[in-house]
Structures are given as C-alpha cells and as structure tokens.
1. Any idea what the relative contact order of segment 6-138 is, in percent, if you count C-alpha pairs under 8 Å spaced at least 6 apart?
2. Round to the nearest 0.05 the FRET efficiency obtained for E47 and N117 when R0 = 45 Å and r is the Cβ-Cβ distance.
3. With a 10 Å radius around each residue's Cβ, average the other Cβ atoms per peptide and rank 91-102, 34-45, highest first.
4. Could you sort H67, H61 by their accessible area in this structure, using a 1.4 Å probe and putting the largest first?
Amino acid sequence: RSSDLFLDGEGCFIVERTPQSERQQNHGYFCACQIGLRRDDEPILREIAARTGLGTVRYFHPGKGNHAVSWCVRAKAECAELVRLLDVYPLRAKKAPDYAVWRQAVTAWQGIRKGRNVPRDYSQMERCAEALKALRAYEGGALGELAVVREIRAANLMASSIPTDADLKVAPPSGFGV
C-alpha cells in the first residue's frame, strides 16, 4: 500500500486546460496524477510504477542545483486504471477529497471522444478543475481552521453527485497493495 501512502502525502491530482494553438477554438482539459520527490527517493517511485504498471518516472530540476524525480500518470486510459485501483485501495487522509473530485473529472474525460467534427463538452472537467482549486485555497488563520475549511469543502463536494461506474469493480494487479 505504499502508493496510497505516497499519494496521500506527496501526490497531486491535476485537472487542467490543455495547451492549444491559437487557431483551435475549443480548449480541452486533461487529468493527471503526479508524485514529485527528491532524486534520492527514485527507487520508491520506480516501485510504484512497476507495481501499478502505470505512469512514467522522469527527472526534472525544480530549482538551482536541485535534482528531483516524478512519477506521473497522464494518459487517459492510465488515469482510468488508477481510478480503478484507488477505488479498491481508497485514500484515507488529506488527499481523499481531491481524489473524489479528480475521479469525477476522469470519469467525464472517458466520455469525451476524439475526432474531427465530434462535439466535445469539457464543462464537467472545467467544474472539477475549479473545485480542486477551491479545495486547495488557503483561507488564512490557524492550521486548525484550514483543516475545518477543507473538511467542509470536502463534505460539500462529496455530497454532490460523484458518479460510480459498475465497470470499476475489477481485481487489482498482482503484487499491488503488498
């Protein structure tokens, strides 16, 4: 269960606008999940990638002389598979509300088809992107107040309709959760 512990502490659930050229009128959205750590923690990220069979591990330099590594799941199909895994092994700490919103965005993303002259509605993903920003907003005050604000926001988001898919009832890959 090392991946859920790292996602709860170091993970980031992302729903963002895709970078589009100026000629394209309909900007889309994408989902991703990422864990970024110091480069000396690379083995745990490689283990998470190997156990889940998802994402890529890449190096980056966040600042002067710093070396870091990240595990990122960004492909549409891989995000859907990560949803399946996290439904079987749910997050239990501070990132659970973020996951609930991200899960809704991934579900909406799965229904958007590619192709010319295919109407695409990204409104649900846009709402999820805004909800994630709201969850992460700092209201000021003591840390305890921030926790209460997060809990209230999470409860409101959880009370909204978060779709559940019958096809998400799949067995986890062997070796995951050990």
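The values are calculated or read from the model by the stated rules, or taken from the named source; none is laboratory data. Every value quoted in this text rests on a predicted model; they were computed, and no experiment measured them. Here Cβ is always computed from backbone atoms with ideal geometry, including for glycine, and neighbour counts include all displayed protein chains. Note: areas computed on protein heavy atoms with side chains; ligands, DNA, RNA excluded. Shrake-Rupley method; radii C 1.70, N 1.55, O 1.52, S 1.80 Å.
1. For segment 6-138, the relative contact order is 26 percent.
2. 0.55
3. Ranking the peptides 91-102, 34-45 by packing returns 91-102, 34-45.
4. Result of the area sort, largest leading: H61, H67.
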